[in-house]
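Undergrad: Sharing a structure here in structure tokens format.
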Amino acid sequence: MLPVTYYPVPTQDLFRRNAERIKNKPYAEYFNGDLWLHDDVLPSLKAPMDPDAMLSSDPADLNTLLDPGHHTVETGYGLTRAGHPYVASLTRFPGCTPEMFTWWFWWHSVEPERYSLWYPYNHVEAVPRNKDVLTRPGLSDAERYIGNTHDIVEYIGPTRLALSVEFVDPAELGLDTGRFTTAGHRAHACARIRGGYMIHLVRKTDEGFELRSRYLLDRTPAPAPDNTEARDRARAFAYELLLHDQIEFTHLSTFLADIFAEFGRQPASPRSW
């Protein structure tokens, strides 16, 4: 494991604010500013990936994620041949279960302090538009975020962004959910985001699970081929998004099992928080 040493100045300020506001929360012990990357990720950060290894948001491409094995590139960034930003990211969660992942995707959105646990330097808030589903009796964990939109504020690299994540059933994006069980997929968090789709698919492994993620931003016009400055910005955004994804999910993998053991069985009621 390699320690993360890249902390843009605005994120350093946010870390101090997050550390202060979480002090009296019952889950404050899980707030940890020591962040890591796996050694095998480093080569993927040193150069863009081959565009021929990228997927489009066409269902025929998306459903190759349900085939056995892995793609040629599971972790990488770059621009598609059309000039759209693209990210693929693989993270492993030893000792964790898909159930924990599904629980986390609604639990973290209850209040900003929880969201900060995930990436203490870069996460500001994730606010569900429908807060009623967080406490409504009788819902499954998946029903507490799928069909909901989260308005998110976070840093991608040094840039503070406000974006909306519209969580949907993966079938709405063209994924063949009838293949999920045979493909080993036991959880998911898929969404429409600005410019395209975010895909998170959880595949069970002997050690726990692996998370295969894709950010497919090909639903809006790409920079013109001769607009070098715009294409450079798009490529830099893809790089920062890959780094963000790898750091936040690697960090989550270090405490998800423990925080779920402590809070995951509590009823979805504000009185238990």
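The values are calculated or read from the model by the stated rules, or taken from the named source; none is laboratory data. Because the structure is predicted, anything quoted here is derived from the model rather than measured. Cβ sites come from the backbone with ideal geometry, for glycine too, and all protein chains shown count toward neighbours. Ligands, DNA and RNA are excluded from the accessible area calculation, which covers all protein heavy atoms including side chains. Shrake-Rupley method; radii C 1.70, N 1.55, O 1.52, S 1.80 Å.
Undergrad: If you scan the range 43-76, which residues turn out to be touching a strand residue (DSSP E or B) at 6+ places or on another chain (Cβ under 7 Å) and exposed (fewer than 12 other Cβ atoms within 10 Å of the Cβ)?
TA: none
Undergrad: Then there's this: Given the criterion of a type in the set (A, V, I, L, M) and out of contact with any strand residue (DSSP E or B) (no Cβ under 9 Å at 6 or more places or on another chain), identify the matching residue among A183, A191, A187, A224.
TA: Numbers: A183 fails: out of contact with any strand residue (DSSP E or B) (no Cβ under 9 Å at 6 or more places or on another chain); A191 fails: out of contact with any strand residue (DSSP E or B) (no Cβ under 9 Å at 6 or more places or on another chain); A187 fails: out of contact with any strand residue (DSSP E or B) (no Cβ under 9 Å at 6 or more places or on another chain).
Every option except A224 fails the conditions.
Undergrad: Inside the range 59-169, counting only helices (runs of 4 or more DSSP H) that do not spill past its ends, which hold 1 or more residues that are aromatic (F, W, Y)?
TA: Details: elements: 59-62, 98-107, 112-118.
Fully inside the range 59-169 and qualifying: 98-107, 112-118.
Undergrad: In this structure, does R265 turn out to be charged (D, E, K, R), at pLDDT below 95 and either within 28 Å of T97 (Cα to Cα) or crowded, with 20+ Cβ neighbours inside 10 Å (or both)?
TA: Numbers: charged (D, E, K, R): yes; at pLDDT below 95: yes; either within 28 Å of T97 (Cα to Cα) or crowded, with 20+ Cβ neighbours inside 10 Å (or both): yes.
So R265 fits the description; yes.
Undergrad: What residue, among those in the range 206-245 that are under 20 Å from W118 (Cβ atoms) and among the charged types (D, E, K, R), is most open to solvent (accessible area, probe 1.4 Å)?
TA: E240
Undergrad: Counting only residues that are assigned to a loop (DSSP other than H, G, I, E, B) and closer than 19 Å to R214 by Cα, how many does the range 3-45 have? Even if it seems obvious, please write down each step before you answer.
TA: As a first pass, look at the range 3-45 and keep what is assigned to a loop (DSSP other than H, G, I, E, B): 4-8, 22-27, 31-35, 38.
From what is left, the residues that are closer than 19 Å to R214 by Cα are 38.
The qualifying residues number 1.
Undergrad: Related question: Give the residue, chosen from R81, R21, that is under 29 Å from A183 (Cβ atoms) and among the basic types (K, R). Give the steps one after another, and end with the answer.
TA: Numbers: R21 fails: under 29 Å from A183 (Cβ atoms).
Just one listed residue meets the conditions, R81.
Undergrad: Are any residues in the range 152-175 of a type in the set (D, E) and surrounded by 14 or more Cβ atoms within 10 Å (Cβ to Cβ), and if so, which ones? Spell out how you get there, then give the answer.
TA: Initial filter on the range 152-175 (of a type in the set (D, E)): 154, 166, 169, 172.
E154, E166, E172 - these are the residues of the range 152-175 that are of a type in the set (D, E) and surrounded by 14 or more Cβ atoms within 10 Å (Cβ to Cβ).
Undergrad: Please determine, by comparing only the residues of the range 1-42 that are open to solvent by 40 Å² or more (accessible area, probe 1.4 Å) and aliphatic (A, V, I, L, M), which one is farthest from the chain's Cα centre (by Cα).
TA: Initial filter on the range 1-42 (open to solvent by 40 Å² or more (accessible area, probe 1.4 Å)): 1-3, 5-7, 9-10, 12-13, 15-17, 20-21, 23-26, 29, 32, 34, 36, 38-40, 42.
Among the residues that remain, those that are also aliphatic (A, V, I, L, M) are: 1-2, 9, 42.
Working: M1: 20, L2: 20, V9: 23, L42: 19 Å.
By that ranking, first place goes to V9.
Undergrad: Right, another one. Can you tell me which residue among R114, R129 is surrounded by fewer than 17 Cβ atoms within 10 Å (Cβ to Cβ), farther than 15 Å from T250 by Cα and of a type outside the set (F, W, Y)? It would help to see each step written out before you state the result.
TA: Values: R114 fails: surrounded by fewer than 17 Cβ atoms within 10 Å (Cβ to Cβ).
The unique qualifying residue is R129.
Undergrad: Considering only residues that are touching a helix residue (DSSP H, G or I) at 6+ places or on another chain (Cβ under 7 Å) and either without any contact (Cβ under 8 Å) to a residue 24 or more places away in the chain or aliphatic (A, V, I, L, M) (or both), which ones fall in the range 209-223?
TA: L211
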